[in-house]
Amino acid sequence: MPERLQKLIAQAGLASRRQAEAWIADGRVLVNGTVSQLGDRADLAHDNIIVNGRKLSVAEEKITVLLNKPRGYISTLKDPQGRDLVTDLVADLQQRLFPIGRLDYNTEGLLLLTNDGDLSQRLSHPRHHVEKTYLVKVRGSLTEQKICSLRDGILLNDGKTQPARVANVRNGRATSWFELTIREGRNRQVRRMCEAVDLQVVRLKRVRIGFLELGNVATGRYRILTSQEVDKLKKLVQIKKQPPPFNEGIGTPMSGR
Ligand code: URA
């Protein structure tokens, strides 16, 4: 059955649907030799679909990894400036993974990468409100007033931030640390929230997404999530578990008749 091209590309694990739409709009997707348009449908069984110069084939095994991103890595799939990419850190895996959301070039810590377009799209969707906790190091110290502003919400140029949690404040004379938990994922949100209350961020590290903790994964290293963790993530964003394929021949409703 013909399906929208962005859905087929996401199902094959090449990118999120949004990224696939951008590739279609950029003319990087051909169907039977013709450049496709947004909205086009195709059938993997009958059509020859080429994405970024490579033939699209049936899905590879889906995996999701938890990476401890170092500072100085970019979370896009390409960088015109030639900077190091987070995908370089998982290049030893057979699957081609892409990051779920982004961490800034100078932000470190927990970043998920996957080849599961559906999971990526849902986890990045603001509707799901998945909590993310950041360890923040700032110059100077946090006053009660600044803590209250961060907690209650701050008016940024793209609207007021939702209530956040501030915990484990360790005020020092020169620098201070605290944990900030937010449920949104706006661009540079933590840095902009801090700027708005006159706090200069000197280090920013994401340590938790939902129930997933960075734990003792070393900087620049990753671990593959277990199937239980992936199931729990899917539950968090309400993706129904696929039933296992029918084992033809044995145990089917017709066997033994
Ligand atoms: N907030 C930021 O400011 N930067 C990040 O990388 C993530 C959240």
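Would you check if Thr64 is under 19 Å from the mean Cα position of the chain (by Cα), under 18 Å from Gln19 (Cα atoms) and open to solvent by less than 30 Å² (accessible area, probe 1.4 Å)?
Details: under 19 Å from the mean Cα position of the chain (by Cα): yes; under 18 Å from Gln19 (Cα atoms): yes; open to solvent by less than 30 Å² (accessible area, probe 1.4 Å): yes.
Here the answer is yes, as Thr64 does meet what is asked.
Quickly run through the stretch 67-118 and pick out the residues that are among the polar types (S, T, N, Q), in a loop (DSSP other than H, G, I, E, B) and open to solvent by less than 20 Å² (accessible area, probe 1.4 Å).
Ser75, Thr107, Asn115
If you take the residues in the stretch 204-226 that are within 15 Å of the ligand (Cβ to nearest atom) and over 23 Å from Val237 (Cα atoms), which one is surrounded by the most Cβ atoms within 10 Å (Cβ to Cβ)?
Leu204
Starting from residues that are hydrophobic (A, V, I, L, M, F, W, C) and in contact with a Ser or Thr (Cβ under 7 Å, 6 or more places away or on another chain), keep the ones in the stretch 183-203 and report whichever is nearest to the ligand (Cβ to nearest atom).
Ranking the qualifying residues of the stretch 183-203, first place goes to Met193.
For Ser176, state whether it is assigned to a helix (DSSP H, G or I), in contact (Cβ under 8 Å) with a residue 12 or more places away in the chain and over 24 Å from the mean Cα position of the chain (by Cα). Explain how you work it out, then say what you get.
Values: assigned to a helix (DSSP H, G or I): no; in contact (Cβ under 8 Å) with a residue 12 or more places away in the chain: yes; over 24 Å from the mean Cα position of the chain (by Cα): yes.
Considered against the rule, which asks whether it is assigned to a helix (DSSP H, G or I), in contact (Cβ under 8 Å) with a residue 12 or more places away in the chain and over 24 Å from the mean Cα position of the chain (by Cα), Ser176 comes out as no.
Any idea which residue in the stretch 77-136 is farthest from the ligand (Cβ to nearest atom), counting only those that are free of Cβ contacts under 8 Å to residues at least 12 places away in the same chain and not small (Gly, Ala, Ser)?
Looking at residues that are free of Cβ contacts under 8 Å to residues at least 12 places away in the same chain and not small (Gly, Ala, Ser), I get Asp92.
The values are calculated or read from the model by the stated rules, or taken from the named source; none is laboratory data. Bear in mind the structure is a predicted one, so any value in this text is a computation, not a measurement. As a convention, Cβ positions derive from the backbone with ideal geometry for all residues, glycine included, and neighbour counts pool all protein chains shown. Note: areas computed on protein heavy atoms with side chains; ligands, DNA, RNA excluded. Shrake-Rupley method; radii C 1.70, N 1.55, O 1.52, S 1.80 Å.
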